[in-house]
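Below is one structure; the comments refer to it alone.
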Amino acid sequence: MYNKHYSEIPSSWRSYEQIASELHLTDEDIKNKIIVDIGSGGSDFAAQINNRPELASRTLSIDPNFNLGVLSGDNKDLMKDAVAEIKQNQLDAVAGLSEELPIKDECVDLIISNHAIPWHISDNPEKVARSIEEMLRILKPGGEIRLNPIDDEIFTMVKNTVDKYDEVEISRHGELIKIKK
Ligand SMILES: C[S@@+](CC[C@H](N)C(=O)[O-])C[C@H]1O[C@@H](n2cnc3c(N)ncnc32)[C@H](O)[C@@H]1O
């Protein structure tokens, strides 16, 4: 089993606009989708999607730092505010790790991870492989994964896992990876 006692990572997060821009996401990519944001930090991406009912999409934010009980100092205060916002806006969020996603098989249209996975775990190829396997497990056929940023080493690590699957395509766009199931 995978160790749930991760090293605490300082919390900070980007706005919806920054995330959409870094992941090259258009409204068309986001429309009518069940989306999972892994390593979301707060929940700005989910909140902005929720504020646009015409998109008919919903985002589940996943981050180990939603587990307030294990946090300390500034991180705890920041995440307390984030969790209060999640409750107030009735957003979907769960504490969890990319290596063991608390989601059933093949029910997600789009998975995003910005400045989180695999970036934060790139010193551990086993965790990267397991995280990619987990993403592919929860992704519907026809679904897509977008991960940013990556470098040559991370791209190779991710590609080695993706190449074990028939009919899953991986492509690199600068610092962005797109994976299509
Ligand atoms: C720099 S923040 C990025 C937040 C946001 N995605 C953004 O674009 O600003 C990285 C986040 O990744 C989370 N994280 C680190 N390791 C993780 C893992 N194994 N699974 C899921 N999230 C993880 C951290 O808790 C942290 O909130």
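Does residue 82 fit the bill of being small (Gly, Ala, Ser), over 26 Å from residue 162 (Cα atoms) and assigned to a strand (DSSP E or B)? When the stated conditions are applied, residue 82 does not pass them.
So that you can scan it fast, the table gives a plain yes or no per residue for (1) of a type in the set (D, E, K, R); (2) touching a Lys or Arg at 6+ places or on another chain (Cβ under 9 Å); (3) near the ligand (Cβ under 10 Å from one of its atoms):
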residue	(1), (2), (3)
13	no, no, yes
27	yes, yes, no
31	yes, no, no
35	no, yes, no
38	no, no, yes
42	no, no, yes
48	no, no, no
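Just to verify a result, which residue in region 62-73, among those that are in a helix (DSSP H, G or I) and within 13 Å of the ligand (Cβ to nearest atom), is surrounded by the most Cβ atoms within 10 Å (Cβ to Cβ)? If we take residues in region 62-73 being in a helix (DSSP H, G or I) and within 13 Å of the ligand (Cβ to nearest atom), then 65 is surrounded by the most Cβ atoms within 10 Å (Cβ to Cβ).
Residue-wise test of (1) among the basic types (Lys, Arg); (2) modelled with pLDDT under 95; (3) surrounded by 14 or more Cβ atoms within 10 Å (Cβ to Cβ); (4) assigned to a loop (DSSP other than H, G, I, E, B).
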site	(1), (2), (3), (4)
133	no, no, yes, no
140	yes, no, yes, no
143	no, no, yes, no
146	yes, no, yes, no
153	no, no, no, no
159	yes, no, yes, no
164	yes, no, no, yes
171	no, no, no, no
177	no, no, yes, no
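In region 85-115, the residue that is surrounded by the most Cβ atoms within 10 Å (Cβ to Cβ) out of those that are within 13 Å of the ligand (Cβ to nearest atom), hydrophobic (A, V, I, L, M, F, W, C) and part of a loop (DSSP other than H, G, I, E, B) is 101. For region 25-62, residues that are closer than 16 Å to residue 89 by Cβ and not aromatic (Phe, Trp, Tyr) total 21. Examine region 116-128 for a residue that is polar (S, T, N, Q) and either surrounded by fewer than 18 Cβ atoms within 10 Å (Cβ to Cβ) or in a loop (DSSP other than H, G, I, E, B) (or both), and state whether such a residue exists. Taking every residue of region 116-128 in turn, at least one turns out to be polar (S, T, N, Q) and either surrounded by fewer than 18 Cβ atoms within 10 Å (Cβ to Cβ) or in a loop (DSSP other than H, G, I, E, B) (or both).
Going residue by residue through region 137-150, is there one that turns out to be charged (D, E, K, R), within 23 Å of residue 16 (Cα to Cα) and touching a strand residue (DSSP E or B) at 6+ places or on another chain (Cβ under 6 Å)? Scanning region 137-150 turns up at least one residue that is charged (D, E, K, R), within 23 Å of residue 16 (Cα to Cα) and touching a strand residue (DSSP E or B) at 6+ places or on another chain (Cβ under 6 Å).
Taking region 106-123 as the search range and keeping residues that are free of Cβ contacts under 8 Å to residues at least 60 places away in the same chain and out of contact with any Lys or Arg (no Cβ under 9 Å at 6 or more places or on another chain), which one is nearest to residue 49 (Cα to Cα)? Write out each step before concluding.
The first filter runs over region 106-123 and keeps only residues free of Cβ contacts under 8 Å to residues at least 60 places away in the same chain, leaving 106, 118-119, 121-123.
From what is left, the residues that are out of contact with any Lys or Arg (no Cβ under 9 Å at 6 or more places or on another chain) are 119, 122-123.
Details: 119: 24, 122: 29, 123: 32 Å.
Per the stated criteria, the residue is 119.
The values are calculated or read from the model by the stated rules, or taken from the named source; none is laboratory data. The shown structure was predicted, so the numbers you read here are calculated from the model rather than taken from an experiment. Quick reminder, even Gly has a Cβ in these numbers, built from the backbone with ideal geometry, and neighbours come from all protein chains shown.
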